[in-house]
Amino acid sequence: MKKGLIALIVLAVIAIGIYQWAVGFNNTAVEHEADAKTAWSNVESSYQRRNDLIGNLVKTVQGAADFEKETLEGVIEARANATKTTIDAGNLTPEKMAAFQDAQSGLTGALSKLMVVVERYPELKANQNFLELQSQLEGTENRINVARDRFNEAVNVYDKHTTKFPGKLLAGLFGFDEMARYEAAAGSENAPDVDFDFK
């Protein structure tokens, strides 16, 4: 009888220990996942600020009498594509992240082309509103970079927690999947060719 009681107590202690470990793992994973989702929201917020600034920049540039229509339309179209490509923070798959990055890269490219073309328009380069918007865009690009880095750091903490053994065993049971990181756009490792020769 005593042996049966001791065995029952030992099993109860083991069960309580496993339960506490599982609850601790789950709660920590939930916290890390929430931190990563918040960091992603900050990335999207930074991109939204850039989109808003670009809208104002386009209006300012449209005021230049003979500004190149094709370049401006390229920026407007890229901005529209970037604003319609969003990701739910709870569904950060590699495929959706790649689509988001492609849309944002398209807007970055169109904006870069716009800034190069602006060099041909001294009245724009002297326009105080344009200069202020240009300065705010530069600051926003820095914010975007910081937000992306912070997102990747938060995802790294979450992924390490959910993929290291023995936590990996519970991650699958509780539905914690690996999150996609924000990666550099393809070709970004190469310095861009900028041609300022407008002959």
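Points to keep in mind about this one:
- From the options Leu133, Leu124, residue that is closer than 18 Å to Asp52 by Cα, surrounded by 14 or more Cβ atoms within 10 Å (Cβ to Cβ) and aliphatic (A, V, I, L, M): Leu133
- Gly17 being surrounded by 10 or more Cβ atoms within 10 Å (Cβ to Cβ) and either more than 18 Å from the chain's Cα centre (by Cα) or not in a loop (DSSP other than H, G, I, E, B) (or both): yes
- Taking residues in the range 79-102 that are closer than 12 Å to Trp40 by Cβ and in contact (Cβ under 8 Å) with a residue 12 or more places away in the chain, and partners anywhere that are in a loop (DSSP other than H, G, I, E, B) and not hydrophobic (A, V, I, L, M, F, W, C), the pairs with Cβ atoms closer than 7 Å and at least 6 places apart or on different chains are Met97/Tyr182; Phe100/Thr85.
- Answer from Leu124, Leu92, Leu107 - the residue that is at pLDDT below 90, in contact with a helix residue (DSSP H, G or I) (Cβ under 6 Å, 6 or more places away or on another chain) and either within 30 Å of Lys168 (Cα to Cα) or assigned to a helix (DSSP H, G or I) (or both): Leu124
- Cross-chain or 6+ apart pairs with Cβ under 9 Å, the range 170-183 first and over 16 Å from Thr28 (Cα atoms) and touching a residue at least 24 places away in the same chain (Cβ under 8 Å), then hydroxyl-bearing (Ser, Thr, Tyr) and in a loop (DSSP other than H, G, I, E, B): Ala180/Thr93
Yes/no per residue for (1) surrounded by 14 or more Cβ atoms within 10 Å (Cβ to Cβ); (2) under 19 Å from the mean Cα position of the chain (by Cα); (3) among the charged types (D, E, K, R):
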| position | (1), (2), (3) |
| --- | --- |
| Gly74 | yes, no, no |
| Arg79 | yes, yes, yes |
| Thr85 | yes, yes, no |
| Gly106 | yes, yes, no |
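The values are calculated or read from the model by the stated rules, or taken from the named source; none is laboratory data. None of these values were measured; they are calculated from a predicted model. Ideal geometry is used to build each Cβ from the backbone, glycine not excepted, and the neighbour counts take in all protein chains shown.
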